[in-house]
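Worksheet: one structure, shown below.
The values are calculated or read from the model by the stated rules, or taken from the named source; none is laboratory data. Remember, predicted model here, so these are calculated numbers, not experimental data. Neighbour counts are summed over all protein chains in view; Cβ atoms, including those assigned to glycine, are modelled from backbone coordinates with ideal geometry. For accessibility, only protein heavy atoms count, side chains too; no ligands or nucleic acids. Shrake-Rupley method; radii C 1.70, N 1.55, O 1.52, S 1.80 Å.
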Amino acid sequence: MKFEYTVVRSARKSISVQVDRDCNIIVRAPFFVTQKTIDEFMLSKKSWLEKAVVTQRNKQKNRKEYSTEEIEILRKKAKGLLPRKVEYFSSIMGVTPTSVKINSAKTRYGSCSGENRLNFSLYLLTKPEEFIDYVVVHELAHIKHHNHSKDFYDFVEKFVPDYKRISKL
């Protein structure tokens, strides 16, 4: 399988590749890297790319579209549930967010800003309860560790021991 891809060059140090939700392949590369090096890199990632494209296509097939009414129901449920979960987990984790907001992001269920502001997607409410708890703990853990280091995951594991399995739901 031959892949078409877009190259985005910037002042970075390494080459990376991603498959976006529309199955576009994006290669990010430093300015100094030759096209030949990029082609060799892509060849070395062929197996991974084939799996990633199939995974994204399957996600596209299974993606549900929500009506305006369904979105408002999810938003109301999220505004009722997520702040309570944040309050509960933040008290046992010993961290305090500066704010909690609900948005309609479709590509990520949660985020934590550098100022410890938490954002959660209303679509998180479409997932199982244990996944919701994991995302809340994950974002709260960023208040203590603003990265995805071993220390970060060790901290998450204290509160969600089975996080590796749950994060794949």
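Summary table
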quantity	calculated
Selection count where residues are of a type outside the set (Gly, Ala, Ser) and in contact with a Leu (Cβ under 7 Å, 6 or more places away or on another chain), scope the range 82-100	6
Some residue of the range 5-26 being surrounded by 11 or more Cβ atoms within 10 Å (Cβ to Cβ) and either aromatic (Phe, Trp, Tyr) or assigned to a helix (DSSP H, G or I) (or both)	yes
Single condition Tyr123 does not satisfy, out of (1) assigned to a helix (DSSP H, G or I); (2) under 29 Å from Glu72 (Cα atoms); (3) open to solvent by less than 20 Å² (accessible area, probe 1.4 Å); (4) among the aromatic types (Phe, Trp, Tyr)	(3)
Within the range 143-169, considering residues that are of a type in the set (Val, Ile, Thr) and under 16 Å from Val95 (Cβ atoms), the one surrounded by the most Cβ atoms within 10 Å (Cβ to Cβ)	Val156
Those residues of the range 27-36 which are open to solvent by less than 60 Å² (accessible area, probe 1.4 Å) and more than 13 Å from Phe3 (Cα to Cα), in sequence order	Ala29, Pro30, Val33
Residue ID - most open to solvent (accessible area, probe 1.4 Å), chosen from residues in the range 37-58 that are of a type outside the set (A, V, I, L, M) and under 19 Å from Thr107 (Cα atoms)	Arg57
Residue match in the range 63-78 (condition: under 19 Å from the mean Cα position of the chain (by Cα), surrounded by 13 or more Cβ atoms within 10 Å (Cβ to Cβ) and more than 30 Å from Lys158 (Cα to Cα))	no
Single unsatisfied condition, Leu140 versus (1) open to solvent by less than 50 Å² (accessible area, probe 1.4 Å); (2) part of a helix (DSSP H, G or I); (3) more than 16 Å from Ser167 (Cβ to Cβ); (4) not basic (Lys, Arg)	(3)
Number of positions in the range 97-110 that are in contact with an Asp or Glu (Cβ under 7 Å, 6 or more places away or on another chain) and not in a loop (DSSP other than H, G, I, E, B)	1
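Okay, residues lined up against (1) touching a strand residue (DSSP E or B) at 6+ places or on another chain (Cβ under 6 Å); (2) charged (D, E, K, R):
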{"residue": "Arg9", "(1), (2)": "yes, yes"}
{"residue": "Ser14", "(1), (2)": "no, no"}
{"residue": "Leu49", "(1), (2)": "no, no"}
{"residue": "Gln56", "(1), (2)": "yes, no"}
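Yes/no per residue for (1) polar (S, T, N, Q); (2) in contact with a Pro (Cβ under 7 Å, 6 or more places away or on another chain); (3) over 25 Å from Gly114 (Cβ atoms); (4) assigned to a loop (DSSP other than H, G, I, E, B):
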{"residue": "Phe32", "(1), (2), (3), (4)": "no, no, yes, yes"}
{"residue": "Met42", "(1), (2), (3), (4)": "no, no, yes, no"}
{"residue": "Val53", "(1), (2), (3), (4)": "no, no, yes, no"}
{"residue": "Ala78", "(1), (2), (3), (4)": "no, no, no, no"}
{"residue": "Ser90", "(1), (2), (3), (4)": "yes, yes, no, no"}
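Here is a yes/no grid of residues against (1) under 22 Å from Leu169 (Cα atoms); (2) charged (D, E, K, R); (3) open to solvent by 90 Å² or more (accessible area, probe 1.4 Å):
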{"site": "Gln60", "(1), (2), (3)": "yes, no, no"}
{"site": "Phe89", "(1), (2), (3)": "yes, no, no"}
{"site": "Tyr109", "(1), (2), (3)": "yes, no, no"}
{"site": "Arg117", "(1), (2), (3)": "no, yes, yes"}
{"site": "Lys127", "(1), (2), (3)": "yes, yes, no"}
{"site": "Asp133", "(1), (2), (3)": "yes, yes, no"}
